[in-house]
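What follows is a single structure, written as structure tokens, with notes after it.
The values are calculated or read from the model by the stated rules, or taken from the named source; none is laboratory data. These numbers come from a predicted model, not from an experiment. Don't worry about glycine lacking a Cβ; one is built from the backbone with ideal geometry, like all the others, and counts go over all protein chains shown. Protein only, heavy atoms only, side chains kept; ligands, DNA and RNA dropped before computing areas. Shrake-Rupley method; radii C 1.70, N 1.55, O 1.52, S 1.80 Å.
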Amino acid sequence: NGSELVEVTNYVSSTQAEPSDEMHGIAKDRNLIVVTLESLQTFVLNNEMNGQTITPFMNELTKDKDTIYFPNFYHQTGLGKTSDSEFILENSLYPRGGSAVFFTHSGNTYNSMAEKLGENGYFTNVQHANTKSFWNRDIMYQALEIDEFQDIESFTIEEGQAVNWGMKDVPFMQQSVEHMTEMQQPFYSRLLTLTNHHPFYLDEEDKFISEFDSNSGTLNRYFQTARYLDEAVKELFDELKAKGLYENSIIVMYGDHYGISENHNAAMSQFLGKEITPYDTAQLQKVPFFVHIPGYGEGHVNEEIGGQIDMRPTILNLMGIEADEDIQFGDDLFSEEREEFTVFRDGRFITGENVYAGGSCYDLETGEIDDPAGCEPFIDRAMQQLNYSEAIINGDLLRFYDEETGELLTDEAPAATQ
Ligand code: GP9
Ligand code: MN
């Protein structure tokens, strides 16, 4: 109701960090390309499996002069998996605890990043070679005000170009960039990859490295499909360059959620060469986050601890779009005054010092059990954030909020709750 919204707005405005001045507008008016890296976890980056490099192209990107790479970045998804990651990206809200928000609240009012970019002259689009109703995307994208959804119908899948869940990522990238050449500029185009998805099957010709050898076929194959996804990312960059779209774009890429669940802990433990504690499981929720700005020249590895909830504020600041009055639970990752505190959907969290998981407080650096006092003040705050976000979704509270002025349309609120 209205008073709940007052409380949430007060909370958000008192905790939101001022975005970075230095990075403000650095990608202004460029095309924005956001790539969802299916099931990609950070542990495969800059790593080897049986002496084989798993992600050669992305490894180079982590050292690239035009790339800022975030190795301490976590996914915050729940049951809605990929769709939850899209929800977080677009809204800087947490997804729901017990169900997929794309299904349960597709009729809500949102203030999505797509809507925001649309208001700033952008054409907004999502490309994904799957059926449009999967995760209720076709309906939810209307609520998110995405201008166009290019689903499987927009792609030509030749013989040998499908595997696993559908179209292979390499031809998907080729055709996606082809689609971009026909878009009005500037555009915001979001690409959802698919090949690196459970059960991680590949055709022989797409296996660039050999399998791992453990009791988990899932983990064994995962390295190969991650290697294939790396090839698809390279293809994207090559195609953008070939089609003259590269220089005037910014490319943001993020891993959507884990690919290897805790069911494969024995095999994972074999790969990592250590026992897996709740601390390690939490650390395995790291997913890569890349910001690639052609011509930037000051690329670096940014150790800041953050999560998917921070993508919207970070991206909008780079695009030079003000979001001061927006209700966002994340912060610009480049902000000088931001507090390191990343909350998982299930209440686990990471601070600058500690990891709270399995009911224990671990030292972030060593992974050893630490004094619970380090975590205690954050336990309630984590719950509070999740509950506020949930209240916004369940009450459809953004209906009563004017993000232009930050004013509450409270006159309408009481009537609507009856
Ligand atoms: C399906 C793709 C994968 O369209 O987004 O979904 P997931 O199972 O990862 O949520
Ligand atoms: Mn996914």
>> Sort Thr366, Thr53, Thr281 by heavy-atom solvent-accessible area, probe 1.4 angstrom, most to least.
In response: Thr366, Thr53, Thr281
> When only the heavy atoms of the protein chains count and the probe is 1.4 Å, how do Val233, Val6 rank by accessible area, highest first?
Replying inline: Val6, Val233
> Given the chain, what percent of its DSSP beta bridges are antiparallel, to the nearest 5?
Replying inline: 50 percent
> How high is the FRET efficiency between Thr156 and Gln185 when r is their beta carbon distance and R₀ equals 25 Å, given to the nearest 0.05?
Replying inline: 0.55
> Going by the alpha-carbon gyration tensor, a ≥ b ≥ c the square roots of its eigenvalues, is region 106-178 rounded (a/c under 1.5) or, if a/c is not under 1.5, prolate (a/b greater than b/c) versus oblate?
Replying inline: oblate
> How much FRET efficiency would the formula 1/(1 + (r/R0)^6) give for Glu353 and Asn47, where r is the Cβ-Cβ distance and R0 is 35 Å, rounded to 0.05?
Replying inline: 0.85
> What number, in percent, do you get for the relative contact order of the chain if the mean sequence gap of Cα pairs under 8 Å and at least 6 apart is divided by its residue count?
Replying inline: 29 percent
>> Limiting things to C-alpha atoms, what are the Rg and the maximum Cα-Cα separation (Dmax) for region 77-141, in angstroms?
In response: 11.8, 36
> For Lys81, which lysines qualify as cross-link partners when the Cα separation must be under 19 Å and same-chain residues fewer than eight apart are set aside?
Replying inline: Lys132, Lys286
>> Could you put Asp371, Asp21 in order of accessible surface area, largest first, with the 1.4 Å probe and the full protein assembly present?
In response: Asp21, Asp371
> How are the Cα pair distances of the chain distributed, in percent, across 20 Å bins from 0?
Replying inline: 27, 60, 13, 0
>> If I take R0 = 30 Å and measure r between the Cβ atoms of Asn394 and Ala373 in this structure, what FRET efficiency does the formula 1/(1 + (r/R0)^6) give, to the nearest 0.05?
In response: 0.35
> Using a simple spin-label model with points 7 Å from Cα along the Cα→Cβ vector, what separation in nm is obtained for Asn248 and Glu365?
Replying inline: 4.9 nm
> Using Cα pairs under 8 angstrom and six or more residues apart, how large is the relative contact order of region 159-310, in percent?
Replying inline: 22 percent
>> Run the reach check for Lys65 against lysines, Cα to Cα strictly under 18 Å, same-chain hits fewer than 8 apart removed. What comes back?
In response: Lys234, Lys241
> With each run of n ≥ 4 DSSP H residues scored as -39500 (n - 2.57), what mean residue ellipticity at 222 nm is computed for the chain after dividing by its residue count and rounding to the nearest 500 deg cm²/dmol?
Replying inline: -9500 deg cm²/dmol
> What does the accessible area per residue of region 123-219 come to in Å², with a 1.4 Å probe and no ligands, DNA or RNA counted?
Replying inline: 43 Å²
